[in-house]
Amino acid sequence: MLGYSPPPMIDESTVRHVARLARLRLSPEEEQVMQQELSGILGHIDAITSMDLDGVPPTTHVIALENVLRADVPRDSLPREEALREAPDVVDDSFGVPRMD
Amino acid sequence: MSDFEPVIGVEIHVQLSTHTKMFCGCALSFGDPPNTHTCPVCLAHPGVLPVVNEEAVRRAILIGLALGCEIAPRSIFHRKNYFYPDLPKAYQVSQFDIPICGRGEFVAVRDDGSEIRVGITRAHLEEDAAKLTHLGGRRAGAEESVVDFNRGGTPLVEIVTEPDLRSASDAVTFLRQLRQTLLFLGVSDCSMEEGSMRADANVSIRPVGSHGFGTKTELKNMNSFRFLERGIEAEITRQEGILRDGGRVSQETVHYEPETGHITSLRSKEESHDYRYFPEPDLVPVAPDPGWVGELRGELPELPLALRRRMVGEMGLTAEDAEVLTESPELVAYFMDAAALADPKACANWIRGELRAQLREVGTEPWESRVSPAHIAALVDLLGAGTVSVPAAKEVLAGMIETGEQPDAVVEAKGLAQMDESDLAAVIDALVEANPDQAQQLRDGKDKVIGFFVGQAMKQTNGRADPQAVQRLVRAAVLGD
Amino acid sequence: MALRDLTAAQQLAALAAGETTSLELVDAHLAAVDADPVQAFLAVDADGARARAREIDALPERPPLGGVPIAIKDALSTRDIVTTSGSRMLEGFRPVYTATCVDRLEAAGAIVLGKTNMDEFAMGSSTENSAYQNTLNPWDHERVPGGSSGGSAASVAERQVPWSLGSDTGGSIRQPASLCGIVGMKPTYGAISRYGLIAFASSLDQVGPFARTVEDAALLLRHMVGRDPMDSTSLDWPGEITVPTATDLAGVRVGVVDELMGEGVEPGVRAAVEASLGVMEDLGATVVPVSLPSALSGLATYYVIAPAECSSNLARFDGIRYGHPIPADNLLDQYELTRGELFGPEVKRRIMLGTFALASGYYDQYYGRAQRLRTLIVREFAEAFSGVDLLASPTSPTVAFPLGDRTADPYAMYMADVCTIPVSLAGLPAISLPCGLADGLPVGLQLAGPAFSENRLLDAAHAVEGALAFDTRPPGLMT
Ligand SMILES: [Zn+2]
């Protein structure tokens, strides 16, 4: 499509920053597509950033529940074989993790 | 004399010693085989949800009350998002802008009796991470670390102070006394070595007389008070050096290496943290009923500072007595039980002195021994009535430790009752006669020799003599006083 | 009449009368599940189902759900039965526990035949975001069944099971029910435990039933509602879900949401919905227009809140405790490669969107504002329900669209949920029931009510269902 296209709502470096925060490795092509798509979606969403919401409190929960507490009574834990059974890498009865640096 | 003044605030993480984890029913454990205390919830399997442990809330409120904090009428949990292998959900359920305990104040007392007043910014509930162990090349291949989720999800209270501390030693005094308070509350084991109490310090310096704040660094992962004190001192020195050289302190996390005394930066190459806090949709607010908070206030034990003041002010103890006896809640209870039955000062002397000394030999504590506080009170009474001498009382104590019997029974069994004066006079007369040289020395004014007679008399009477009576009778026999 | 043509209630009656056995029912349905012409199933537990059927047939007394088969959306954790949530991230994953709602249904005698296809992690409106397969609409195999619970909806329309479970975050039960010509219900937020529902957006997710009749939906719902100690946001449902019997709507005030009947609603859909509103009036209802001014900004609100929550909920998929990491020699690479590789495009898009909306510097502008807009929407519904008993609208602005039609345009796909999302944001119950055909494809009528008005909704839907007499059998379906 030729002609005017609106400036992207989100720039490349922001896409990369957000992808890093979310631990998503995106290929350069994916980054580009993501930038366009997110910009498009944000373009639609952006309407909410201009609405008058002064004095309107946020809704975190739609239910009016409070103080849902659990008695401090132990329940059975999983047998270790079950805790580890889906683990891709078991080392010393623990979950293996690659080098961290 | 330094031109700079340190400004220090601390953040303390306290593991609560509840039966179960913060958000699931797994039992808390220490030292059990790895991954034997886990469930779908604390392993963050797909589809699980957290449920708040009521006892953890109760203990957080107790801590808040002990620190003089406002208890929030309604507090909520937030998610703190970051990726780390010891954090199975990749977010920590914590509290953000509405913590359960708001502002408070804690008063610590220095050795010289002066006060350190420390503002408490907040205290909030959260969950602990799991245990990540670095194998350090022990295993070939890519795996370098392993995770044990037994500890993951342990309830934590994080206490944050205002930057009110002005020296490393004040910081440590504050932390020791805070720890003591938490122990009295019975909310945590507070073991720095085992990690059930962990302290980070925010350190900055500023020119003396200035009221602004310098750039602060965060000193992390201190596992003993000693290292913490040294670490803060080292960091203050480092910052002073930077400023004197015209440099700038950069905001970063630093680590103190006890072996070398060096401060190292933990600054990572990664992106700056952006925890993307948002209200935890899986949990509903905690709104402690004011009646409940009132009940908990009533349940608060007498805390160390108040106790020490009462011991000195009302019970006639020295500041040092009070300090020693408030070392642990168990010791306080033991002393208080004894002091209710006999002279408090004498009870204090015997408990902190001879009782603990003798028990140390057998490796036990007063409240775990066969000697009850009532036994101590009875012993103090026997001494007061002159029934036993001080040396004999020490033997009685040994007997009580061994047999668990009442002191009068031990006195009876061992024949430790003080001799009456006429029997003692006969023993002294015989002693003077048998030791003419020493008697002559006494007549010549060598007063020290009296000790010889006391020693001999105690030996011959198996300690049943009153040393003061011995002295008096020896003088009478030799000098005719 | 073939066993597969019986509704669940009819199957229960046949069991009670001794005319069939649970094993017969299970076998009859398993045959259809095995053939699976609409590719609704991701996993089938034939042996387990038959074993359970034999057990139940041997009981001295049949449990309330008698041994009638059911299909479960793959977003619900089922112990030892592979549960993937439609994602490669969980390929082959065998859970160690079962979701509370499934537990309750099994305890009541339902028999799980298998797990149904879905958009990956419930993100989508066509089931095309499944990492495994497309599910076909039983009414037209060239078209989508809707989503995200497309497999569960298609399996019921295809008569592979009389009923099934889905989950609904912004419309994921109601919209596929609409597109497949069956009944689907999203209960009040908190009515059914979410424990074991693989979370997409925690403050919106709810489990609910699909069935071919309102009565069956009520029966299933009845055995799932109620507080669960494992879900802090679950509630005691006040009273009991009753089997609906109403045949008229005398005295019922129905509000028609202006904003959801306008532009974007296909003419055929509008015509079918308007016709059913006429039927409602004939049944004695008063139909009045109602305005929900913030309803249309619901979509934008939703596409901030849901991705934000999903970005956090899906962070646990790191390939350490379960899953199949892409091996790398350091942790950061492993995290990024695994998540970059194993999440599909829509999931990545939403994680990115949500991470962005929560990121420092953007939170107030996006997440903070979305939560406040949510308050406005909650208030507008409350106000509307002060004047009417029910709100009516199309469930979906369109009938089932062709496979591949919207995959290139994320926001066009998002529009599929424009009518269902406001109700989700307010946490209210809503039911979709088939109300007619447009171009030979089913149209759904959405009825929404105040919190815990499930019985009212079921009764009204039952009355409309009776009057419309919609034939849920897709043309050409062989049984
Ligand atoms: Zn657990």
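The values are calculated or read from the model by the stated rules, or taken from the named source; none is laboratory data. What you see is a predicted model, and the numbers here were worked out from it, not measured in a lab. Cβ atoms come from the backbone with ideal geometry, glycine included; neighbour counts cover every protein chain shown.
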Answer with yes or no whether C:Met230 is under 19 Å from C:Ala107 (Cα atoms), touching a strand residue (DSSP E or B) at 6+ places or on another chain (Cβ under 7 Å) and either surrounded by fewer than 24 Cβ atoms within 10 Å (Cβ to Cβ) or touching a residue at least 60 places away in the same chain (Cβ under 8 Å) (or both). no
State which residue is nearest to B:Ala123 (Cα to Cα) when the search covers only segment B:31-44 and only residues that are more than 7 Å from every other protein chain (Cβ to nearest Cβ) and more than 10 Å from the ligand (Cβ to nearest atom). B:Gly31
Quick one: which residue in B:Leu49, B:Leu28 is among the hydrophobic types (A, V, I, L, M, F, W, C), within 23 Å of B:Tyr91 (Cα to Cα), more than 10 Å from chain A (Cβ to nearest Cβ) and within 15 Å of the ligand (Cβ to nearest atom)? B:Leu49
Output the qualifying pairs, or none if there are none: Cβ atoms under 6 angstrom, residues six or more apart or on different chains, first residue in segment B:9-23 and at pLDDT 95 or above, second residue within 16 Å of the ligand (Cβ to nearest atom) and charged (D, E, K, R). B:Thr18/A:Asp72; B:Thr18/B:Glu55; B:His19/A:Asp72; B:Thr20/A:Asp72; B:Met22/B:Glu127
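Conditions (1) over 12 Å from B:Val14 (Cβ atoms); (2) more than 14 Å from chain A (Cβ to nearest Cβ); (3) small (Gly, Ala, Ser), marked per residue:
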{"site": "B:Ser114", "(1), (2), (3)": "yes, yes, yes"}
{"site": "B:Leu125", "(1), (2), (3)": "no, no, no"}
{"site": "B:Val146", "(1), (2), (3)": "yes, no, no"}
{"site": "B:Leu156", "(1), (2), (3)": "no, yes, no"}
{"site": "B:Ile159", "(1), (2), (3)": "no, yes, no"}
So which residues in segment B:8-25 are more than 10 Å from the ligand (Cβ to nearest atom) and of a type in the set (Ser, Thr, Tyr)? B:Ser17, B:Thr18
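Residue-by-condition table, conditions (1) within 14 Å of chain C (Cβ to nearest Cβ); (2) in contact (Cβ under 8 Å) with a residue 60 or more places away in the chain:
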site: B:Ser265; (1), (2): no, no
site: B:Val286; (1), (2): yes, yes
site: B:Pro290; (1), (2): no, yes
site: B:Glu295; (1), (2): no, no
site: B:Thr318; (1), (2): no, no
Could you tell me which residue of segment B:285-321 is surrounded by the fewest Cβ atoms within 10 Å (Cβ to Cβ), considering only residues that are under 18 Å from A:Leu69 (Cβ atoms) and of a type in the set (A, V, I, L, M)? B:Ala287
Of all residues in segment B:180-194, count the ones that are free of Cβ contacts under 8 Å to residues at least 60 places away in the same chain and either closer than 16 Å to B:Val107 by Cα or among the polar types (S, T, N, Q) (or both). 1
Condition met for C:Leu342 (more than 7 Å from every other protein chain (Cβ to nearest Cβ), more than 24 Å from C:Tyr411 (Cβ to Cβ) and either among the hydroxyl-bearing types (Ser, Thr, Tyr) or in contact with a His (Cβ under 8 Å, 6 or more places away or on another chain) (or both)): yes
Where C:Arg321 falls short, out of the listed (1) at the interface with another protein chain (Cβ under 8 Å from one of its Cβ atoms); (2) within 29 Å of C:Thr398 (Cβ to Cβ); (3) basic (Lys, Arg): (2)
If we scan segment B:95-109, do we find a residue that is crowded, with 21+ Cβ neighbours inside 10 Å, among the aromatic types (Phe, Trp, Tyr), in the same structural domain as B:Asp170 (by TED's automatic domain parsing) and away from the ligand (no atom under 16 Å from the Cβ)? yes
Output the residues belonging to segment A:74-101 that are more than 7 Å from every other protein chain (Cβ to nearest Cβ) and over 30 Å from the mean Cα position of the chain (by Cα). A:Asp76, A:Pro79, A:Glu81
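Would you say B:Phe83 is surrounded by fewer than 24 Cβ atoms within 10 Å (Cβ to Cβ), more than 14 Å from the ligand (Cβ to nearest atom), of a type in the set (Phe, Trp, Tyr) and modelled with pLDDT of 95 or more?
yes
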Those residues of segment B:370-398 which are of a type in the set (Val, Ile, Thr), within 16 Å of B:Ala342 (Cα to Cα) and surrounded by fewer than 21 Cβ atoms within 10 Å (Cβ to Cβ), in sequence order: B:Thr387
Hey, C:Val464 hits all of (1) under 28 Å from A:Leu53 (Cβ atoms); (2) touching a residue at least 12 places away in the same chain (Cβ under 8 Å); (3) not basic (Lys, Arg) but one; which does it fall short on? (1)
Kindly provide the set of residues from segment B:8-25 that are small (Gly, Ala, Ser) and within 8 Å of chain A (Cβ to nearest Cβ), ordered by number. B:Gly25
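Output the residues belonging to segment C:434-452 that are over 14 Å from C:Val183 (Cα atoms) and touching a Ser or Thr at 6+ places or on another chain (Cβ under 8 Å).
C:Ala451, C:Phe452
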B:Phe83 passes all but one of the listed conditions (1) touching a residue at least 12 places away in the same chain (Cβ under 8 Å); (2) within 12 Å of chain A (Cβ to nearest Cβ); the exception is number (1)
Subset of segment B:45-56 [more than 34 Å from the chain's Cα centre (by Cα) and closer than 22 Å to B:Val286 by Cβ]: B:Val48, B:Leu49
Any chance segment C:296-316 includes a residue that's under 17 Å from C:Ile421 (Cα atoms), acidic (Asp, Glu) and surrounded by fewer than 18 Cβ atoms within 10 Å (Cβ to Cβ)? no
Is there a residue being within 16 Å of the ligand (Cβ to nearest atom), touching a Gly at 6+ places or on another chain (Cβ under 9 Å) and in the same structural domain as B:Arg122 (by TED's automatic domain parsing) anywhere in segment B:54-76? no
Among the numbered criteria (1) buried (at least 19 other Cβ atoms within 10 Å of the Cβ); (2) part of a loop (DSSP other than H, G, I, E, B); (3) away from the ligand (no atom under 16 Å from the Cβ), which one does B:Asn150 miss? (3)
Here, strands (runs of 3 or more DSSP E) confined to segment C:178-276 with at least 2 residues that are within 14 Å of another protein chain (Cβ to nearest Cβ) are C:206-211
Identify all residues within segment C:14-50 that are over 26 Å from the mean Cα position of the chain (by Cα), surrounded by fewer than 14 Cβ atoms within 10 Å (Cβ to Cβ) and of a type in the set (A, V, I, L, M, F, W, C); write none if there are none. C:Ala16, C:Ala17
Based on this model, can you work out whether B:Ile116 counts as in a loop (DSSP other than H, G, I, E, B) and surrounded by 17 or more Cβ atoms within 10 Å (Cβ to Cβ)? no
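Within segment C:295-315, can one find any residue that is acidic (Asp, Glu) and without any contact (Cβ under 8 Å) to a residue 60 or more places away in the chain?
No, because not a single residue in segment C:295-315 is acidic (Asp, Glu) and without any contact (Cβ under 8 Å) to a residue 60 or more places away in the chain.
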Scan segment C:439-456 residue by residue and report those that are within 17 Å of C:Ala191 (Cα to Cα) and surrounded by 24 or more Cβ atoms within 10 Å (Cβ to Cβ). C:Ala448, C:Gly449, C:Glu454
